[in-house]
1. Select from segment 196-220 the residues that are surrounded by fewer than 13 Cβ atoms within 10 Å (Cβ to Cβ), under 37 Å from the mean Cα position of the chain (by Cα) and closer than 27 Å to LYS289 by Cα and list them in ascending order.
2. From the list TYR273, TYR250, exactly one residue is in a strand (DSSP E or B), without any contact (Cβ under 8 Å) to a residue 60 or more places away in the chain, over 19 Å from ASN308 (Cβ atoms) and not polar (S, T, N, Q). Which is it?
3. Where in segment 2-104 are there helices (runs of 4 or more DSSP H), lying fully within it, with 2 or more residues that are within 17 Å of ASN161 (Cα to Cα)?
4. Out of ASP239, ASP223, report the one residue that is open to solvent by 40 Å² or more (accessible area, probe 1.4 Å), at pLDDT 90 or above, within 16 Å of GLY305 (Cα to Cα) and out of contact with any His (no Cβ under 9 Å at 6 or more places or on another chain).
5. Pairs needed: first member in segment 56-68, within 16 Å of VAL21 (Cβ to Cβ); second member anywhere, among the charged types (D, E, K, R) and part of a helix (DSSP H, G or I); C-beta distance under 6 Å; at least 6 residues apart or different chains.
6. Could you check, for segment 47-65, whether at least one of its residues is touching a Cys at 6+ places or on another chain (Cβ under 7 Å), surrounded by 12 or more Cβ atoms within 10 Å (Cβ to Cβ) and on the phi < 0 side of the Ramachandran plot?
7. Spot the failing condition for GLU262; the list is (1) within 17 Å of VAL200 (Cα to Cα); (2) surrounded by 16 or more Cβ atoms within 10 Å (Cβ to Cβ), and only one is missed.
8. Being part of a loop (DSSP other than H, G, I, E, B) and within 13 Å of GLN303 (Cα to Cα) is the filter here; which residues of segment 208-219 pass it?
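The values are calculated or read from the model by the stated rules, or taken from the named source; none is laboratory data. None of the values given here were measured: they were computed from a predicted structure. Counting neighbours? That spans all protein chains shown, and the Cβs are built from the backbone with ideal geometry, glycine included. For accessibility, only protein heavy atoms count, side chains too; no ligands or nucleic acids. Shrake-Rupley method; radii C 1.70, N 1.55, O 1.52, S 1.80 Å.
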Amino acid sequence: MAYYHILKERRTNLKLSIQDVSNQTRLAPQYIQAIEEHNLDVFSDDFSFVRYFVHAYCDAIGVNWQAIADEVDMDINEVAHQKDMALTMAQRRMVEQMASVQKKKKSSTKKKKSWFQKHVSRTSSSLSTNQSQLIKVLVLIGIAGLCVLSVINFGLRAISNQKLQTQEALRQEQLSKKEQETNKLANQRQKAKEAAALVVEKISDETNAYQLSNIQSDVKKLDLSITLPTKSKITVTKDGETINDDTKVYTGTFTQSLELSENCTFEISIETYSDNSITIDGKEISFDKTDWQEGQPAIITLQVGKGNQKETEEYSQYDDSGYDYGYSDEYYGQEGDYTYDQNEYTEQTNDY
């Protein structure tokens, strides 16, 4: 299928009018129609812009330009060649017609002429010869002029093609720069996203306890997700208060929004643990089975900031009543046994 048929069929399949394509490409509607009807005479013998117009048309309706570029170039060259051949044939016909007119004048019937007629005839012949030479000169000038115009037209086409190539190279350079800028912005956004991502760190010396940090100031909640291969009850508490329906049996995927406060602690309890996948805002949290036994609930603690730590009660006074100090009466003798004189008491005191 010819390229101009492909363009027209693509446009009609997209339900676009010629005016719609004209609005997108800023090409005159008559140029678009001429391309689809393969009427390149509309371009007034200047085919240098036809390639650019077809390229713009392809970009507007999504046709692969590289697939038809060679066909378009061959078609443009063929049309230009036919135009040049037609111009050359027209020049030849004009020369032949002039030569035919000149022969007809020479083959006029010879009649016996008087001296006056002969004199006039010689004078006329001389003028005719001069006129014939003038015509030849004019014909040669016309041919030379046409050759010069052809050379100029060829030069203009070459300049126009060079200009189009320069414009295309500039366009490709601009596209490359835009693509580089887009990739740079994408990398910057990715780095910013990674820098703002939630950080989940295991709390040392504690089993299945995690510290949540790098939480942005505009983040008010985190999304908890738990996959449930088997049915199970799940209890989620915040600072000791249950925030979900812990009487419900969940299946499939359990999700819960964790409303944040400055310092808080979340506790997640999975009644029937079966290698569940647990994530917080997409961050994977693993469950350590070291101190866990089959049939027990799996409990995971998430601490935000310092967490909600319980205060330890301190006792400053104790009730001595009923307290056994560990002494018995056998260590005490009779009343006279623990009576010391002054010297003995002083010596014993110094021993301390």
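1. The first filter runs over segment 196-220 and keeps only residues surrounded by fewer than 13 Cβ atoms within 10 Å (Cβ to Cβ), leaving 196, 199, 201, 204-206, 213-214, 216-220.
With the extra rule that they be under 37 Å from the mean Cα position of the chain (by Cα), the set shrinks to 196, 199, 201, 213-214, 216-220.
VAL199, GLU201, SER213, listed by residue number.
2. On the way: TYR273 fails: in a strand (DSSP E or B).
Answer to the check: TYR250.
3. Details: elements: 3-13, 18-25, 29-36, 50-61.
Correct list: 50-61.
4. Details: ASP223 fails: within 16 Å of GLY305 (Cα to Cα).
Among ASP239, ASP223, only ASP239 is open to solvent by 40 Å² or more (accessible area, probe 1.4 Å), at pLDDT 90 or above, within 16 Å of GLY305 (Cα to Cα) and out of contact with any His (no Cβ under 9 Å at 6 or more places or on another chain).
5. Partner pairs satisfying both residue conditions: ILE61/ARG10; ILE61/ARG11; VAL63/ARG10.
6. yes
7. (2)
8. So the first thing to find is which residues in segment 208-219 are part of a loop (DSSP other than H, G, I, E, B), and the list is 208, 214-219.
Scanning segment 208-219 gives ASN208, ASN214, ILE215.
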